[in-house]
Structure formats: C-alpha cells, structure tokens
Amino acid sequence: MINQSITNEAWTLAGIGYAIKAFDWDMLTKLHGEVPMKQAYEAGRLSHDYDYQDEVYLQVREWAKTAIEYLEMQDDTDYGTSLRDADLMYSGDKSKWIKFAHSVIVRNLSSLTNKNDFSSAYAQDLITHAGLALAANSDNAVMHSLGGGTDAQFSNYNSEWGVWWGSFDGYF
C-alpha cells in the first residue's frame, strides 16, 4: 500500500500507511523485544536475523516522522469517498492521523524513561511531540463500526464470528 501510494503520489494514503506501520512495529518490539525487522520482507528468505530493540525503536520513530511528512504534503489525489469510507478510525482526517503519528513517537520515547541518558537524549523530543499528539477524546484512535446486519459495510461482519449472527436468529 505504501509503495503504490508513493508511486501514485497519494501522499495521504502513504502517510496513513507509515503511521500504522510505525504503530505496529512499536507494539511488536515492546511485546517481543528483538524482532527480524531489516530482513522481514525479503522474498525467498526462510530464516531471519533478529534486530535489537534499540534499532527497531529508532526505525519506528523514523517511520512515524515519514508519516507526518507525507500527511503534511499537498495531496491532489481524488479519493472520492473511498478514503473516508475505508478509514474506520479517522475517516481520512489528515490532522488526526498527524496527531496519531506524533503519539506513536511519544509512546515510543516514553518507554525509554529509565535509560540513563533519557534527559539528554530523548526528553526534549518527547516533549515536542507530546505537544503535537492526541490531546482530546475526539482524537482517540478508535475503530468505528456500525456492526453487522443485512446493510453492513463489510460482509465479514455477517458471520458466526462477527457481531451479527443472522444464521442464529431463530435460536435466541
């Protein structure tokens, strides 16, 4: 998605992709520590070298900053209603995605507070991004879904695993 968006100069979509990528990798390394990042998507590779968490942390911040750069670019792409309809979190609102990307940086840096060099190396960057991050409940990263039913936005909502069990209507 990111590469195709960059090729098509769909900067908003590329920025959203980088913001999600930064968030996902930040969560992944916080859960698992060292992870295979640099070789993760090399075709044909059956084993991967693990990258240390400090390298992943640095890359997460770079991806989030790249997201902000793309989201702040003038985007002349005609998304129609597709971006608004497919973006279940912010309905294509660039300003909220920018805040989200700043928040990823804040979450990333705030987990480094026990480092000996936190005050000199990370604190000012954390403060700067915190001032630009999610600040109100209306900014929260929440997936909005109308749920299932015959008029559901996505057909996979209408399954035994979704929120609408049409096949069980007579049983409950």
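The values are calculated or read from the model by the stated rules, or taken from the named source; none is laboratory data. All figures in this text were calculated on a predicted structure; none of them were measured in a lab. We place every Cβ from the backbone using ideal geometry, glycine too, and count neighbours over all the protein chains shown. Surface accessibility is based on the protein's heavy atoms, side chains included, excluding ligands, DNA and RNA. Shrake-Rupley method; radii C 1.70, N 1.55, O 1.52, S 1.80 Å.
The set of residues from the range 72-112 being among the hydrophobic types (A, V, I, L, M, F, W, C), out of contact with any helix residue (DSSP H, G or I) (no Cβ under 6 Å at 6 or more places or on another chain) and in a helix (DSSP H, G or I) comprises L83, A86.
Please determine whether any residue of the range 41-51 is without any contact (Cβ under 8 Å) to a residue 40 or more places away in the chain, farther than 21 Å from V142 by Cβ and crowded, with 17+ Cβ neighbours inside 10 Å. Within the range 41-51, one or more residues are without any contact (Cβ under 8 Å) to a residue 40 or more places away in the chain, farther than 21 Å from V142 by Cβ and crowded, with 17+ Cβ neighbours inside 10 Å. Right, I98: under 23 Å from E9 (Cβ atoms), β-branched (V, I, T) and modelled with pLDDT of 95 or more or not? Yes. Within the range 129-140, being hydrophobic (A, V, I, L, M, F, W, C) and either open to solvent by 70 Å² or more (accessible area, probe 1.4 Å) or under 19 Å from L109 (Cα atoms) (or both) holds for A130, L132, A133, L134, A135.
Can you pull out the residues in the range 118-128 that are open to solvent by less than 90 Å² (accessible area, probe 1.4 Å) and assigned to a helix (DSSP H, G or I)? Can you show your working first?
From the range 118-128, those open to solvent by less than 90 Å² (accessible area, probe 1.4 Å) are 118, 121-123, 125-126, 128; that's our starting set.
The answer is F118, A121, A123, D125, L126, T128.
Here is a check on your reading of the model: is R61 open to solvent by less than 40 Å² (accessible area, probe 1.4 Å) and either out of contact with any helix residue (DSSP H, G or I) (no Cβ under 6 Å at 6 or more places or on another chain) or closer than 24 Å to I127 by Cβ (or both)? It is true that R61 is open to solvent by less than 40 Å² (accessible area, probe 1.4 Å) and either out of contact with any helix residue (DSSP H, G or I) (no Cβ under 6 Å at 6 or more places or on another chain) or closer than 24 Å to I127 by Cβ (or both).
Residue-by-condition table, conditions (1) more than 30 Å from S82 (Cα to Cα); (2) of a type in the set (V, I, T); (3) modelled with pLDDT of 95 or more:
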site: M1; (1), (2), (3): no, no, no
site: N8; (1), (2), (3): no, no, yes
site: L31; (1), (2), (3): yes, no, yes
site: V35; (1), (2), (3): yes, yes, yes
site: Y57; (1), (2), (3): yes, no, yes
site: T66; (1), (2), (3): no, yes, yes
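Looking across the range 26-50, the residues that are under 21 Å from S110 (Cβ atoms) and either among the small types (G, A, S) or touching a strand residue (DSSP E or B) at 6+ places or on another chain (Cβ under 8 Å) (or both) come down to L28, T29, G33, E34, V35, M37. The single residue among I2, I20 that is over 19 Å from M143 (Cα atoms), hydrophobic (A, V, I, L, M, F, W, C) and within 15 Å of the chain's Cα centre (by Cα) turns out to be I2.
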